[in-house]
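The values are calculated or read from the model by the stated rules, or taken from the named source; none is laboratory data. Just so it is clear, the structure is predicted and the values come from calculations on it, not from any experiment. All Cβ positions, glycine included, derive from the backbone under ideal geometry; neighbour counts span all protein chains shown. To get the accessible areas, we keep the full protein, side chains included, count just its heavy atoms, and leave off ligands, DNA and RNA. Shrake-Rupley method; radii C 1.70, N 1.55, O 1.52, S 1.80 Å.
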Amino acid sequence: VVAGLIFWALIALVASAFPVVMPRLSVVSVSIAPIVAAMVLGGPVAAGWIAAVGTTELRELRGRVPWYGTLVNHSVLVLPALVGGFALLAIVGDSTDVILRFVATMVGATIFHVGNVLLAGLGVALREREDVRTVVTVDTRSYLPNLFALAPLAWLMAQIYAYVGPTATLLFALPLYTTRL
């Protein structure tokens, strides 16, 4: 279990290393995919840990982000990851049905995405003293479809990890990179 958390945290750290800054100064990265993959494999607690640790950025470590900014940046990922993970668990229960697990992943990922976008938009709106609706609609219009495309990719990453192994999961680096572009 610990080795899996370390693996997904490292994948998320690499994905977080290349964020995209949006027009209203929201920061978006493809670290969402490893967070959702951890959600699929380990539930809400794993997703929460990966969201907390795996999204640490160099600018935070170098002190370019005040402590409260770092707290907000991680909270807007951890809280929705936990809620999305609990939703996934509530839908799946003890079922091993692949279709149900896929649908539950899409629901959990959607809750995660929507919660993250709303909380991050609120944070940016407060910081920039702008209307939250404006921040959310301007920034998300360009990247929201990509966020939802990451959900099936994350589910597939989790399946490859579980059935083939961690090394095969690294093949997803190219799709993640192109989604970032």
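A few notes on this one:
- Packing here is the average count of other Cβ atoms within 10 Å per residue, and on that basis the peptides 151-164, 94-107, highest first, run 151-164, 94-107.
- Kyte-Doolittle mean at least 0.5, axial Cα span of 18 Å or more - DSSP H helices of the chain: 2-16, 67-92, 98-128, 132-163
- Dipole of the chain [Lys/Arg +1, Asp/Glu -1 at C-beta], most positive-end residue of VAL135, GLY48, PHE148: VAL135
- Under the shape rule built on the C-alpha gyration tensor, where the axes satisfy a ≥ b ≥ c, region 94-181 is prolate, since a/c reaches at least 1.5 and a/b is greater than b/c.
- What a 1.4 Å probe finds exposed on region 36-181 is 69% carbon and sulfur by accessible area, rounded to a whole percent.
- Label of the coordinate-derived value, semi-axes √(5λ) of the Cα gyration tensor in Å, listed as (i) 38, 20, 15; (ii) 26, 18, 15; (iii) 35, 20, 13: (ii)
- Solvent exposure of the chain as accessible area per residue, Å², 1.4 Å probe: 53 Å²
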